[in-house]
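**Q** First the structure, then my questions, so here it is.
Please treat every number below as a calculation from the coordinates, not as lab data. Because the structure is predicted, anything quoted here is derived from the model rather than measured. Because the Cβ atoms are built from the backbone with ideal geometry, glycine has one as well, and the counts that use them run over all protein chains shown.
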Amino acid sequence: MSMSKARAENRPLPRRFYAEVSAAPGEGGWRVLLDGRQVRTPAKSVLVLPCEALARAAAAEWEAQGEHINPFTMPVTRLCHVALDRTGDVRATAAAEVARFARTDLLSHRADDSVLAARQAEAWDAWVDWAATALDAPLRVAVSVTALDQPDASIAALERRALALDDFRLTALVSAAPILGSAVLAFALLEGEAAAETLFDASRVDERYQAERWGEDAEAAEAAANRKRDLLGCETLFRALDADEN
C-alpha cells in the first residue's frame, strides 16, 4: 500500500518523533533504538532481533523515514513485528499456508498460448526441476487454470521444511509465497538460490505478456512495485540471518 492510499483511507501517518536511530546489543539479542529508546512491537513487546545485521536493516528503515512514519515502506520491520508478536502462536498454520501454495503453484499452470507457454517454460522449468531434487517436492505441470492434483508427499515435504524454520524465516517465507504465487519460488528465495528481483521477474511472466498485448495499468504497476518492495524485505531478512550464521 502506498502512502497516498493510506491517507485516502483516512489513516493519517504519525509524525516522525525521533532524530537518531541506532542498533545496539542487549539482553536476548539486538535492539533498534530511537533517540536511545527501544522500539516496541504493536503488541508492546521490545523489538529484540536475533542478530546485528537484521537490527541494522530494521534501523535503516526507521532512519529512512521522512516527516511521517509510513509502515508500508518498512517491510523488514513489519516482518520482525509479526515474527515476534504472532508467528510463534501459529507456526503449524503458517507452515501449512506455505505448503498450500504448492497445490496451485504458479509454476505448475501453463498457458495454451504457444508464445506465452514458451516463456513460462524458459522461466519456470528449471525451478520445477529444482523443487523435485532440492526440496524433495516434485510437482505436476499441465496446461490448466484449475488446481492440479499435486502429490501429497510433495506438499507434506514442503510443510515439514517450513515448520522446521525459526519464527523469523517462517514469517518471511509465508509472506514471500503469495507475493510470488509460488511456494517453490519462495523456498528458492529462502535458500538463496536466486535474488529477489530475479524471482519476482520469473513470477511475472504472465503479467508482462499481457502488458505487451494490452498495455500496463498504472494502478497495477504501483501494486506490483509495492509487492516487489515487500519481497526485497523478505530477502533482506533471510540474508541477514544467513550472514549471522556464517
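**Q** Treat every Asp and Glu Cβ in the range 178-246 as -1 and every Lys and Arg Cβ as +1, leave all other atoms uncharged, and give the resulting dipole magnitude about the Cα centre to the nearest 20 debye.
**A** Values: 7 positive and 16 negative charges, 24 e Å.
The dipole of the range 178-246 has a size of about 120 debye.
**Q** What is the set of long-range amide H partners of Val21 at a cut-off below 5 Å, with H atoms built 1.01 Å from backbone N?
**A** Distant-sequence amide H within range of Val21: Asp35.
**Q** A further question on this structure: Can you work out ³J(HN,Hα) from phi for every residue in the range 194-200, in order, using Karplus 6.51 cos²θ - 1.76 cosθ + 1.60 and θ = phi - 60°, giving whole Hz and x for Gly and Pro?
**A** 7, 6, 4, 4, 5, 5, 5
**Q** With a 10 Å Cβ neighbour count serving as the proxy for reagent exposure, in which order, fewest first, do Leu185, Leu232 appear?
**A** Values: Leu185 30, Leu232 16.
Least crowded to most crowded, the residues run Leu232, Leu185.
**Q** What percent do you get for the relative contact order of the chain when only Cα pairs under 8 Å and 6+ apart count? Spell out each step's value before the answer.
**A** Values: 343 pairs, mean separation 50.5, N = 246.
So the answer I get is 21 percent.
**Q** Please return the longest range in the chain lying between exposed loop sites, taking GluC sites (Glu not before Pro), DSSP loop only, at most 16 other beta-carbon atoms within 10 Å, and leaving the sites out. Present the calculation step by step, with values, prior to reporting the outcome.
**A** Numbers: sites that count: Glu9, Glu20, Glu27, Glu67, Glu191, Glu193, Glu216.
So the longest stretch without any such site is 68-190.
**Q** In degrees between 0 and 90, to the nearest 10, how far off the longest principal axis of the chain does helix 205-214 point, with axes built from Cα atoms?
**A** Roughly 80 degrees between the two axes.
**Q** Can I ask one more? Any chance you could give the angle, 0 to 90 degrees and rounded to 10, that helix 167-180 forms with the longest Cα principal axis of the chain?
**A** The two axes meet at around 50 degrees.
**Q** Run the simple label-point estimate for Asp201 and Phe72 please: 7 Å along Cα→C-beta, distance reported in nm.
**A** Once both label points are built, they end up 2.7 nm from each other.
**Q** Loop sites only, by DSSP: take the chymotrypsin sites (Phe, Trp or Tyr not before Pro) in the chain that have at most 16 other C-beta atoms within 10 Å and name the longest stretch containing none of them.
**A** Values: sites that count: Phe17, Tyr18.
So the longest stretch without any such site is 19-246.
**Q** Further, regarding this structure: List every residue whose amide H lies under 5 Å from the amide H of Arg40, counting only residues 5 or more places away in sequence or on a different chain, with H placed 1.01 Å from N in the peptide plane.
**A** For Arg40, whose amide H was placed from the backbone, the distant partners under 5 Å are Leu47.
**Q** Can I ask one more? Label the chain by shape, choosing from rounded, prolate and oblate, from the square roots a ≥ b ≥ c of the eigenvalues of the Cα gyration tensor; if a/c is under 1.5 it is rounded, and otherwise prolate applies when a/b is larger than b/c, oblate when it is not. If you can, show how the numbers build up before the last one.
**A** Numbers: a/c = 2.38, a/b = 1.49, b/c = 1.59.
It comes out oblate by the Cα gyration axes.
**Q** Using a simple charge model, +1 on the beta-carbon of Lys and Arg, -1 on the beta-carbon of Asp and Glu, nothing else, what dipole does the chain show about its Cα centre, in debye to the nearest 20? Mind showing how you got there, number by number?
**A** Working: 28 positive and 39 negative charges, 179 e Å.
For the chain, the charge dipole is close to 860 debye.
**Q** So who's got an amide H within less than 5 Å of the one on Arg16, skipping anything under 5 residues away but keeping other chains? H placed 1.01 Å off N, in plane.
**A** Residues meeting the amide H criterion: His68, Ile69.
**Q** Across the chain, where is the longest run that never hits trypsin sites (Lys or Arg not before Pro) in a DSSP loop with at most 16 other C-beta atoms within 10 Å?
**A** In the chain, the maximal stretch lacking such sites is 141-246.
**Q** Stretch Val115-Glu27 to full length: gain in nm at 0.36 nm per residue minus the Cα-Cα span? Intermediate results must be reported in sequence, preceding the final value.
**A** Details: separation 88, 0.36 × 88 = 31.68 nm, distance 5.66 nm.
Full extension from Val115 to Glu27 adds 26.0 nm.
**Q** Further question on the same structure: Would you kindly state how much longer the chain becomes between Arg40 and Glu222 on full extension, computed as 0.36 nm times their sequence separation minus their alpha carbon distance, in nm to one decimal? Don't jump to the answer; show the numbers that get you there.
**A** Values: separation 182, 0.36 × 182 = 65.52 nm, distance 2.99 nm.
Here the answer is 62.5 nm.
**Q** Work out the charge dipole of the chain with +1 on the Cβ of Lys and Arg and -1 on the Cβ of Asp and Glu about the Cα centre, then indicate which of Ala53, Trp130, Gly28 is farthest towards its positive end.
**A** Gly28
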